[in-house]
1. How many nm separate the modelled label positions at A:Ala193 and B:Glu139, each set 7 Å beyond the Cα in the direction of the Cβ?
2. Any idea how far apart B:Arg150 and B:Asp94 come out in nm if each label point goes 7 Å out from Cα toward Cβ?
3. At A:Glu186, with labels set 7 Å past Cα in the Cβ direction, how many nm apart are the copies from this one, shortest first?
4. Between segment A:32-70 and segment A:164-194, what's the alpha-carbon centroid distance in Å?
5. Among the lysines in the protein assembly as shown, how many pairs, 8 or more places apart or on different chains, have alpha carbons under 25 Å apart?
6. List, shortest first and in nm to one decimal, how far the label point of B:Tyr52 (7 Å from Cα along Cα→Cβ) is from its counterparts in the other copies.
7. If I model a spin label as a point 7 Å beyond the Cα along the Cα-Cβ vector, how far apart are those points for A:Arg121 and B:Val184 in nm?
8. Between B:Ser22 and the same site in the other copies, what are the distances in nm, shortest first, taking label points 7 Å from Cα along the C-beta direction?
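Read-outs throughout are calculated quantities, based only on the coordinates presented, and are distinct from any laboratory measurement. Just so you know, these numbers come straight off a predicted model, no measurement behind them. A quick note on method: Cβ atoms are made from the backbone with ideal geometry, for glycine too, and the neighbour counts reach across all protein chains shown.
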Protein chains: 2
Amino acid sequence: MASVQPLAELRAVREPGKRMRSRLLDAAVELFKEKGQGGVSVAEIAAAVGAYPSQVTYYFRTKEALFVEAACREVLYVARQAELAAAGAASGGDYNRRLVETVIGSPGLALFVEALSLTRRRQDLAPLIERTFERLHAEGDRAYGETRHRRGWPEAESAATVARRFWTLALGVALREGATEASVPEAVEEMVALLRHDLGAARRTPGDA
Amino acid sequence: MASVQPLAELRAVREPGKRMRSRLLDAAVELFKEKGQGGVSVAEIAAAVGAYPSQVTYYFRTKEALFVEAACREVLYVARQAELAAAGAASGGDYNRRLVETVIGSPGLALFVEALSLTRRRQDLAPLIERTFERLHAEGDRAYGETRHRRGWPEAESAATVARRFWTLALGVALREGATEASVPEAVEEMVALLRHDLGAARRTPGDA
């Protein structure tokens, strides 16, 4: 019993800390989605949950580190939403379209693109970005591989390569869409067209070039 | 003759102005490549060519506008280098690899990715970005279309779509490469693997999945 008591005490201290950390992250995500990383201050994030600025730096060290953590969490959330949206797809083309419509234009992908740009000059934040890419690729590989197998779709290429190509194209399309007058529906159609070849290679369907 | 004289005078004023503009742009490109947009001041750019900071703002309005112009010029230069490097390719796979090795890891592509991130919050700079994408796509379409036709390579897909997919993947790969520990050779292999399907669809070669 002597060793149980300190653990319980430790947990009593830790749990509110975890809750505050999580509340700060939630508030930061909403502010970052609205104004981008540069438009939000540590003081504003703290004020949103009635905390002190020092609590933000205690849990996250810097605003940039908090931003990258928020962006990585959000893009993984978008990936799960895309997987759910695509699970019932009737064909490979329908699967691609459902993924693209969920991902392109989402605030989570826009935050992740901004986090990648930021990390170019903040290499201390690179490990979290690396782990996020690993999860995006691994979960995309598993989800597409399972669906394709279950539906009996052709397996012309490894599901891992298809997943990596999907996320690389999504980053390129999002980067361009944010910097031009292109609308989200235009960006969706662009990405669907760029993915069509995957499908075309596996099985010719009407409308494929 | 009366109308020629003012034109000649105007030209005499314009030419030194064009030279100064061009010298400022050249100096800015070198500084931006070294330190990124955020690491360079207008005063530093001016000092590099013995000019006043007001001359930078006279010709370019803001540092951000100068940065975007510099980045667009540089990525178009990289595209021309890639076209020259790929012109003698023996096969579609060789063509892809030569393009990728020229483009991935180039300072011009890195500047363009940074310019796209910057323009997300500076929509007044979007028209120049739009025109640069139009030229990248049009020149890629023409160069690949001509080479493919001359060599008799299969034409499974429009050269325009192939060119757009190439640049979208290049942006995604560059964005990721800059934000992770990935080396340039790793990024080159990644992009070659993601392009392989284009080739595989047109003509099966050993080693394609």
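1. With each label point 7 Å from Cα toward Cβ, the separation is 2.1 nm.
2. So the label points at B:Arg150 and B:Asp94 sit 1.3 nm apart.
3. 3.6
4. 29
5. Count of close lysine pairs: 11.
6. So the label point of B:Tyr52 gives 5.0 nm to the other copies.
7. 2.1
8. 6.3
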